[in-house]
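**Q** Let me give you the structure first, and then I'll get to my questions.
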Amino acid sequence: MSRSVRIYVGLAVLIALSVLFLLGVVHTAAGASGLSPRKVAEGHRLAQAWCQSCHAVEPDMAGFFDLAPSFQAVADRKGTTALSLKVFWRTSHHDMPNLVIAPDQADALSEYILSLRGN
């Protein structure tokens, strides 16, 4: 293979990798737009049933509860991601009841919380 062909192949690979990277960035930046409305609604229902006695689960409820953070405050934290919420659901916490949350329920609760960003 000649030197010029290797340069063109290398350039083509570099361009392809750049495109894949940019698509990943755009997909990640879409964030909340990738949320499932069905899962958000299910997460809202679960939050009202399980979490509302301690947490403000609605955006306009912030300030009513002092002991537990509002879901809005959790959503607005820089480190809150779908992954960080999934880890949270699987970890026991001193001041929280030990809930057994199925993976699909954890996903729904996470999507609901993430849907609150920027509200």
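No lab work stands behind these numbers, since they all come straight from the coordinates. Nothing here was measured: the structure is a model prediction, and the numbers come from that model. Note that we place each Cβ from the backbone using ideal geometry, even for glycine, and neighbour counts take in every protein chain shown.
**Q** Want the number for ALA49 to ILE15: 0.36 nm per residue separation, take away the alpha-carbon distance, what's left? Intermediate values should be presented prior to the final figure.
**A** Values: separation 34, 0.36 × 34 = 12.24 nm, distance 4.98 nm.
Taking ALA49 through ILE15 to full extension adds about 7.3 nm, to one decimal.
**Q** Among ILE101, ILE113, which comes first, then next, by fewest other beta-carbon atoms within 10 Å? List each step's numbers first, then the result.
**A** Working: ILE101 15, ILE113 24.
So the ranking, lowest neighbour count to highest, is ILE101, ILE113.
**Q** When the gyration tensor of the stretch 35-119 is built from Cα positions, what are the square roots of 5 times its three eigenvalues, in whole Å, from largest to smallest? Show your work: numbers first, answer last.
**A** On the way: eigenvalues 55, 50, 33 Å².
They are 17, 16, 13 Å, listed from largest to smallest.
**Q** Between ASP104 and SER2, how many nm apart are label points set 7 Å from Cα along the C-beta direction?
**A** Here the modelled spin labels are 6.0 nm apart.
**Q** Then there is this: Enumerate by residue number the trypsin sites (Lys or Arg not before Pro) in the stretch 58-119 meeting two conditions: DSSP loop (anything except H, G, I, E, B), and at most 16 other Cβ atoms within 10 Å of the site's Cβ. Before the final figure, lay out the partial values.
**A** Values: sites: ARG77, LYS78, LYS86, ARG90, ARG117; in loops: ARG77, LYS78, ARG90, ARG117.
Sites meeting the loop and neighbour criteria: ARG77, LYS78, ARG90, ARG117.
**Q** Grab the Cα-Cα distance for ASP76 and MET96, subtract it from 0.36 nm times how many residues apart they are, and report the gain in nm with one decimal.
**A** 5.1 nm
**Q** Another question, then. What ranking of VAL40, VAL100, VAL57 emerges when the number of other C-beta atoms within 10 Å of each C-beta is taken as an exposure proxy, fewest first? Before the final figure, lay out the partial values.
**A** Values: VAL40 20, VAL100 6, VAL57 24.
Ranked by crowding around the Cβ, least crowded first: VAL100, VAL40, VAL57.
**Q** Quick one: what are the phi-derived ³J(HN,Hα) couplings along the stretch 104-114, Karplus 6.51/-1.76/1.60 with θ = phi - 60°, whole Hz, x for glycine and proline?
**A** Working through the residues one at a time gives 5, 6, 4, 4, 5, 4, 4, 5, 4, 4, 5 Hz.
**Q** When a footprinting reagent is the concern and you count Cβ atoms within 10 Å, what order do SER84, SER110, SER2 take, fewest first?
**A** On the way: SER84 12, SER110 23, SER2 7.
In order of increasing Cβ crowding within 10 Å: SER2, SER84, SER110.
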